[in-house]
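Please treat every number below as a calculation from the coordinates, not as lab data. None of the values given here were measured: they were computed from a predicted structure. In this analysis, Cβ positions are derived from the backbone assuming ideal geometry, glycine residues included, and neighbour counts consider all displayed protein chains.
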Ligand SMILES: NC(=O)c1ccc[n+]([C@@H]2O[C@H](COP(=O)([O-])OP(=O)(O)OC[C@H]3O[C@@H](n4cnc5c(N)ncnc54)[C@H](O)[C@@H]3O)[C@@H](O)[C@H]2O)c1
Ligand SMILES: [Zn+2]
Ligand SMILES: [Zn+2]
């Protein structure tokens, strides 16, 4: 039997590459596995040899110790793979296919899946609607930052790339289809971005940069990206965005210098609950900062796309209210301006095929925009540390040497 090396969360700030079992078509007990999922049979699943698997800002919430993730939880929800075994109930996906895995695990059979709301599938996570690989409170599906991984409901979940050689040639772009490209695109779409829009994206991490590229793809007139990290802002400028540095103060003043008005048509939160304050408060965490500043800068009647993650509980939060997921929101302002809000996991399946076509036909350069860099699986701890320190890089793990050069 083949072994399996995988990236596991150990303790706050520490990840390690460990030996785990090669997957089988059954969900076994292990760190973070919901008891109601133990023994669950997965004849509709496939086993993938991982082609690429990316480190995400969502992983960092766990690795920073801001969740109840247990030690030895295997990380990784951004997975691209080659099918090496198919369960008896898999009809259309074949051994040898190169596939992108939406980070949301969904059954394709429940009411929400039938309505394409795959981020809140009712059947895969006994705790609550919605699931993902390698994530705390998501049912216990083993993460894909590993050499091999099990994917359930394979015919439904997997996006097959049309041509193997072409897929491997463009793999650094296609690897972004499992999460950040659809997520950024969803942020822009739900913020109402269209031809001629002015857009403010809070956050210049990979999701913010993906939202910015998506806004350009959707025809935005001006895309302004805000962060406190100058290296990440330079990355946003490298593909034609305007930028605002929030260490200098609130974004509306700098937006006014760029647009002549202190408002934009569309706002995207690509930061989430670990948001920092602005200006003199830039060194402290203030979880409602981005939501409140988006309500300020988004023009009346506009919309806010909120892919940035918010939690129901944050034991590590600075203030008592935030520890139970309560934020000090200026909702009256948003109400008075008739703003609309879209939150939640991105339903990846709604967008991944179209974005794949845009990549395959050279309509977008997502890997370049997020500065994608491949590293070995054994190097994952370094990738996590550099990413946490704010590197303007999207780290792509390459466990089986599919990525050359
Ligand atoms: N909804 C989804 O489906 C989905 C999918 C993927 C990621 N996410 C979430 O999206 C968020 C971004 O992910 P990422 O990988 O880019 O993370 P990241 O941590 O790399 O990026 C966040 C960036 O926000 C910046 N920031 C902090 N406070 C800010 C402020 N007040 N204004 C502007 N920028 C500020 C940080 O400096 C950092 O560069 C995370 O919360 C992640 O969990 C959600
Ligand atoms: Zn992710
Ligand atoms: Zn479902």
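Worth a mention:
- Euclidean distance between Cα centres, segment 267-292 to segment 107-167, Å: 30
- The GNM of the chain, with springs linking C-alpha atoms under 10 angstrom apart, assigns the highest mean-square fluctuation among 158, 333, 377 to 333.
- GNM result for the chain, Cα springs below 10 Å: residue of 286, 374, 321 fluctuating most strongly: 321
- Three principal axis extents of segment 180-342 based on alpha-carbon atoms, in descending order, are 42, 34, 30 Å.
- Residue order for 2, 393, 175, fewest other beta carbons within 10 angstrom first, comes to 2, 393, 175.
- Counted residue by residue at 0.36 nm each, then reduced by the alpha carbon distance between them, the extension gain from residue 252 to residue 127 reaches 41.0 nm.
- Dimensions in Å of segment 286-401 - Rg and Dmax from alpha carbons: 18.7, 54
- Extension gain for residue 389 to residue 165 (0.36 nm times residue separation, less C-alpha to C-alpha distance): 77.1 nm.
- Dimensionless Rg ratio for the chain, taking C-alpha atoms and the 2.2 N^0.38 Å reference: 0.94
- Each residue in 27, 122 was given a count of other beta-carbon atoms within 10 angstrom of its own, and listing them fewest first yields 122, 27.
- The residue 231 and residue 91 beta-carbon pair, evaluated with R₀ = 51 Å, returns a calculated FRET efficiency of approximately 0.60.
- Cα-Cα separations in segment 1-62 greater than 16 Å, expressed as whole percent: 61
- Per-residue ellipticity at 222 nm, computed for the chain from helices alone with -39500 (n - 2.57) per DSSP H run of at least four residues, works out to -6500 deg cm²/dmol.
- Centre-to-centre separation between the Cα atoms of segment 342-404 and those of segment 44-95: 14 Å.
- Kirkwood estimate for segment 9-127, i.e. one over the average of 1/r between Cα atoms, Å: 16.0
- Euclidean distance between Cα centres, segment 191-210 to segment 219-258, Å: 10
- Where only C-alpha atoms are counted, convex hull volume of segment 87-149 per residue in Å³: 107
- Stretchable slack from residue 353 to residue 259, in nm (0.36 nm times residue separation minus alpha-carbon distance): 30.4 nm
- Segment 133-196 - convex hull of the alpha-carbon atoms, volume per residue in Å³: 156
- Two-site label geometry, residue 379 and residue 326: point separation in nm, points 7 Å out along Cα→Cβ: 4.7
- For segment 131-244, projected area of the alpha-carbon convex hull averaged over all directions, nm²: 9.3
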